Amino acid sequence: MKKDSASFLQKDLGDIVYEKKISKDQFVNTHGSSLMVTVLVVVNKKNVEKFRENYMSWLLNFYKEDEEKWQQRTRAMLKNNHNGEEKSAEEVDQIVEEEYQAELKKHQKMMQ
């Protein structure tokens, strides 16, 4: 592979990873999900071990900083799951709260 710039740090790596120009959707893809995202991460060879050693702590720090937004997203998702059901608003709120508490326990276990 021939370098066509002084440094790969300044080069768009899209043409290295793929043979043709692609949209950014190929690097970050939600696959139609509001909760899951697939991201392509490109790491310099010299930093692969550092990335492997630190990835999980970086991810956990992100999740901790995102806690309030997680709560809002989870409650909204659970409420949307019950749209159109023939239940009163109070019944839906009670069901959502019970489901939220179960999701919260799973989330807290993952964060430990």
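Each reported figure results from applying straightforward, stated rules to the coordinates on display, with no laboratory input. Here the structure is a predicted model, which is why all the values come from computation and not from measurement. Note that we place each Cβ from the backbone using ideal geometry, even for glycine, and neighbour counts take in every protein chain shown.
Potential lengthening of the chain between TYR55 and GLU67 amounts to 2.5 nm, from the contour at 0.36 nm per residue minus the alpha-carbon distance. When peptides 59-72, 88-101, 37-50 are ranked by their average number of other Cβ atoms within 10 Å per residue, the highest-first order is 88-101, 59-72, 37-50. With 0.36 nm allotted per residue and the present C-alpha distance subtracted, the ASP93-VAL39 stretch has 16.0 nm of extension available.
Listed values for region 39-56 are Karplus-derived 3J(HN,Hα) couplings in whole Hz (6.51 cos²θ - 1.76 cosθ + 1.60, θ = phi - 60°), namely 10, 8, 10, 10, 10, 4, 3, 5, 10, 4, 5, 4, 4, 4, 5, 9, 3, 5, and x replaces Gly and Pro. With 19 Å as the limit, the listed pairs LYS50/LYS109; LYS79/LYS109; LYS64/LYS109 have LYS50/LYS109; LYS79/LYS109 beyond it between alpha carbons.
Given in Å, the Rg to one decimal and the Dmax to the nearest whole number for the Cα atoms of region 39-98 are 19.1, 59.
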